[in-house]
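*Asks:* Provided herewith is a single structure, encoded as structure tokens, for subsequent inquiry.
The values are calculated or read from the model by the stated rules, or taken from the named source; none is laboratory data. Computed from a predicted model, the values in this text were never measured in an experiment. Positions of Cβ are generated from backbone atoms using ideal geometry, with glycine treated the same way; all protein chains shown enter the neighbour counts.
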Amino acid sequence: MNSSNTLLSPSSYFILNKGLIKTIGIDSTLVLSELINTDESNKKKTKNGYFLTKLSNISKETTLSIFKIKSSINKIYKIKLIDVIVKDEENIQVKILHPNILSHLELNTNKISIKKNKQKDHLPIKNKRFKKPSIKELKKYFLELGGLDESSAMFDYYESKGWKVGKAPMKCWKSATRNWVRRLNRNTEFPDYYDKKIEINLSSDQTTLTKYHNHLKKIGWESIYSPTAGTTWRKKNK
């Protein structure tokens with residue numbers, strides 16, 4: 001038995017040959033399957049491997065109209081999966097070109113395999129689900145960084161925010177801890193004068209900006225407002 005007989009046997013071709021159905025359509029696949037089934041069971045073949053069949057028999061087995069059967073036979077003949085000799089309006093001689101069918105199936109299988117591999121290559125990497133730290137974990141990491149331990153303050157702050165950075169969920173609490181330490185270090189380095197550039201740079205960090213303003217107040221600066229310059233700062237007169 002030829003390999004294509006097995007691949008396209010009526011019990012299995014629907015499952016095995018989705019690529020074939022996409023290429024030639026379900027009607028043509030049905031007709032080809034029925035022709036292979038007839039070829040397999042036919043004992044009266046010519047020396048060249050042709051067998052005689054009737055269009056009405058194909059219609060009975062596939063429930064397709066004669067018009068659709070003729071159209072399907074023409075399609076699979078053009079792509080050289082079968083050879084056909086028309087005897088009359090009802091009878092045809094058919095030869096199944098098994099090597100061509102196998103080549104066609106292998107080509108489709110390779111295309112599907114390549115497509116699946118490409119899809120795997122482009123699968124998005126799922127982010128690990130964020131797990132908030134315990135106070136002990138946070139305290140340990142603060143100590144590892146060698147700075148001031150503000151684990152309780154940081155934990156309470158982000159706990160109240162739902163462990164979000166702005167409006168986005170936090171992705172890495174260790175990165176957030178390092179940023180917290182950097183802000184602490186920066187807060188101790190405020191200059192003893194008002195600098196508009198510093199104020200602009202801190203505009204997105206309201207907490208640190210408030211600390212900078214409090215620092216200015218402590219060393220004798222006051223905020224003033226003018227219609228042209230807006231709010232600014234100046235040294236108090238003694």
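*Asks:* Of the conditions (1) under 30 Å from SER33 (Cα atoms); (2) modelled with pLDDT of 70 or more, ALA168 satisfies every one except a single condition; which number is it?
*Replies:* (1)
*Asks:* Would you call ILE21 surrounded by 14 or more Cβ atoms within 10 Å (Cβ to Cβ), without any contact (Cβ under 8 Å) to a residue 12 or more places away in the chain and not hydroxyl-bearing (Ser, Thr, Tyr)?
*Replies:* Values: surrounded by 14 or more Cβ atoms within 10 Å (Cβ to Cβ): yes; without any contact (Cβ under 8 Å) to a residue 12 or more places away in the chain: yes; not hydroxyl-bearing (Ser, Thr, Tyr): yes.
The answer is yes for ILE21.
*Asks:* Name, by its number, the condition in (1) at pLDDT 85 or above; (2) surrounded by 14 or more Cβ atoms within 10 Å (Cβ to Cβ) that does not hold for HIS104.
*Replies:* Against the list (1) at pLDDT 85 or above; (2) surrounded by 14 or more Cβ atoms within 10 Å (Cβ to Cβ), HIS104 comes up short only on (1).
Yes/no per residue for (1) at pLDDT 80 or above; (2) of a type in the set (Gly, Ala, Ser); (3) under 23 Å from HIS104 (Cα atoms); (4) not in a helix (DSSP H, G or I):
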residue: SER11; (1), (2), (3), (4): no, yes, yes, yes
residue: ILE26; (1), (2), (3), (4): yes, no, yes, no
residue: GLY49; (1), (2), (3), (4): yes, yes, yes, yes
residue: THR53; (1), (2), (3), (4): yes, no, no, yes
residue: LYS60; (1), (2), (3), (4): yes, no, no, no
residue: LYS70; (1), (2), (3), (4): yes, no, yes, no
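*Asks:* Go through (1) part of a helix (DSSP H, G or I); (2) surrounded by fewer than 17 Cβ atoms within 10 Å (Cβ to Cβ); (3) out of contact with any helix residue (DSSP H, G or I) (no Cβ under 6 Å at 6 or more places or on another chain) and name the single condition THR38 misses.
*Replies:* All conditions pass for THR38, except number (2).
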